[in-house]
Amino acid sequence: MCGRFVVASAGSELVGVLRVDVEGDDLPEPSYNVAPTSQAAIVLDSIKEELPVRRLESARWGLVPGWAKDPKIGARAFNARAEELEDKPMFRSALEKRRAVVPTSGYYEWKTDDGVKVPHYIHPADGSPLFMAGLYEWWRDKSKADDDPDRWLLSFTILTRDAIGRLGSIHDRMPLFLDPDHADAWLDPTTDNVRDVLDAAIDAAPALAETLDDHVVSKAVGNVRNNSPELIEPAGD
C-alpha cells in the first residue's frame with residue numbers, strides 16, 4: 001500500500017516531462033508528509049473542443065465516487081488494487097474514463113522487524129520525479145448552491161500492485177509506478193483499450209521499482225503534524 005508520500009517540488013518543476021498545458025490556481029505547497037484526505041497535485045487529461053488538455057490540479061487524496069452520499073467514504077479509498085479495479089464498483093467507472101498520474105518525490109512504507117514497524121523512504125536514486133498511476137473523480141455537494149465554488153470536490157486514489165525484489169522485503173504491496181511513456185498512454189482519455197494500457201503499466205512497474213533507493217527514516221513521519229525536509233533524511237544522521 002501507499003499511505004504517505006512526499007512532494008518536494010511544486011507546479012511545473014514537478015511534472016516537466018509530462019508537458020502540462022494548464023496549471024490550477026490552488027496547487028498545494030510542497031509537503032514531506034502527504035497523508036490521506038490531504039490535498040495533492042495530480043495530472044489529468046480532459047477534453048476541450050474535442051482535443052485533450054493536460055491539467056495539473058489540486059485534489060483530495062481518497063477517492064469519492066460521484067454516487068457517494070458523503071465524501072467521508074474517500075478516507076478509506078486512498079489506494080486501489082490494480083488487479084481488482086474492474087471488479088469494484090468504486091473504481092470501475094474511473095478506470096474507464098478518469099485516469100490520473102500522481103507526481104511525487106517518493107513515498108514512505110513501514111517494514112515490520114521483530115514486531116516493530118520501521119519507516120522507510122523509497123525514492124528515485126537520481127532525484128527525478130516518481131510517477132504513480134491513479135484514478136480521479138468529481139463529486140457534487142448537493143447541499144451547496146450552483147454558484148458556490150466549493151460545490152465540486154476533485155479526489156483521487158493511488159493504484160497498487162504486488163511488490164517485487166527489495167521493495168517486496170519492505171511491504172507486500174507497492175504503488176503502480178509509471179514512466180513518462182506509460183504515463184501518456186495511461187492519461188489518454190480517448191483510448192479504447194484500457195485493459196491493455198493497465199496490463200502494460202503493471203508489467204513495466206517492476207523494472208521501475210528496481211531503480212529506486214530506500215533508507216530508514218525517523219518515526220516522526222508517523223505523525224501527520226510533522227512536515228519538514230528532515231523527515232526524508234536517513235535516521236540517525
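The values are calculated or read from the model by the stated rules, or taken from the named source; none is laboratory data. If you're wondering where the values come from, they're calculated on a predicted model, not measured in any experiment. Heads up, the Cβs are rebuilt from the backbone with ideal geometry, glycines too, and the neighbour counts pull from every protein chain shown. Ligands, DNA and RNA are excluded from the accessible area calculation, which covers all protein heavy atoms including side chains. Shrake-Rupley method; radii C 1.70, N 1.55, O 1.52, S 1.80 Å.
Here are a few things to note about the model shown:
- Identity of the residue in the stretch 34-56, open to solvent by 60 Å² or more (accessible area, probe 1.4 Å) and outside any strand (DSSP E or B), that ends up nearest to V15 (Cα to Cα): T37
- Within the stretch 138-186, considering residues that are among the hydroxyl-bearing types (S, T, Y) and not in a loop (DSSP other than H, G, I, E, B), the one surrounded by the fewest Cβ atoms within 10 Å (Cβ to Cβ): S169
- Among the residues of the stretch 65-77, at least one is touching a Lys or Arg at 6+ places or on another chain (Cβ under 8 Å), open to solvent by less than 20 Å² (accessible area, probe 1.4 Å), of a type outside the set (K, R) and in contact (Cβ under 8 Å) with a residue 24 or more places away in the chain.
- Check on L208, crowded, with 16+ Cβ neighbours inside 10 Å and under 21 Å from V6 (Cα atoms): yes
- A59 vs. criteria under 14 Å from the mean Cα position of the chain (by Cα), surrounded by 21 or more Cβ atoms within 10 Å (Cβ to Cβ) and more than 29 Å from S169 (Cα to Cα): yes
- Per-region count, the stretch 1-33, residues in contact with a helix residue (DSSP H, G or I) (Cβ under 9 Å, 6 or more places away or on another chain), open to solvent by 10 Å² or more (accessible area, probe 1.4 Å) and assigned to a helix (DSSP H, G or I): 1
- Residues of the stretch 204-236 classified as modelled with pLDDT under 95 and within 19 Å of S128 (Cβ to Cβ), total: 8
- Test: residue in the stretch 187-196 that is at pLDDT 90 or above, surrounded by 14 or more Cβ atoms within 10 Å (Cβ to Cβ), over 16 Å from the mean Cα position of the chain (by Cα) and closer than 25 Å to R4 by Cα: no
- Residues that are closer than 21 Å to Q39 by Cβ and exposed (fewer than 14 other Cβ atoms within 10 Å of the Cβ), drawn from the stretch 225-237: R225, S228, P229
- The stretch 97-116, residues that are touching a residue at least 12 places away in the same chain (Cβ under 8 Å) and surrounded by fewer than 16 Cβ atoms within 10 Å (Cβ to Cβ): K97, K111
- Count of the stretch 197-222 residues which are in a loop (DSSP other than H, G, I, E, B) and more than 20 Å from the chain's Cα centre (by Cα): 2
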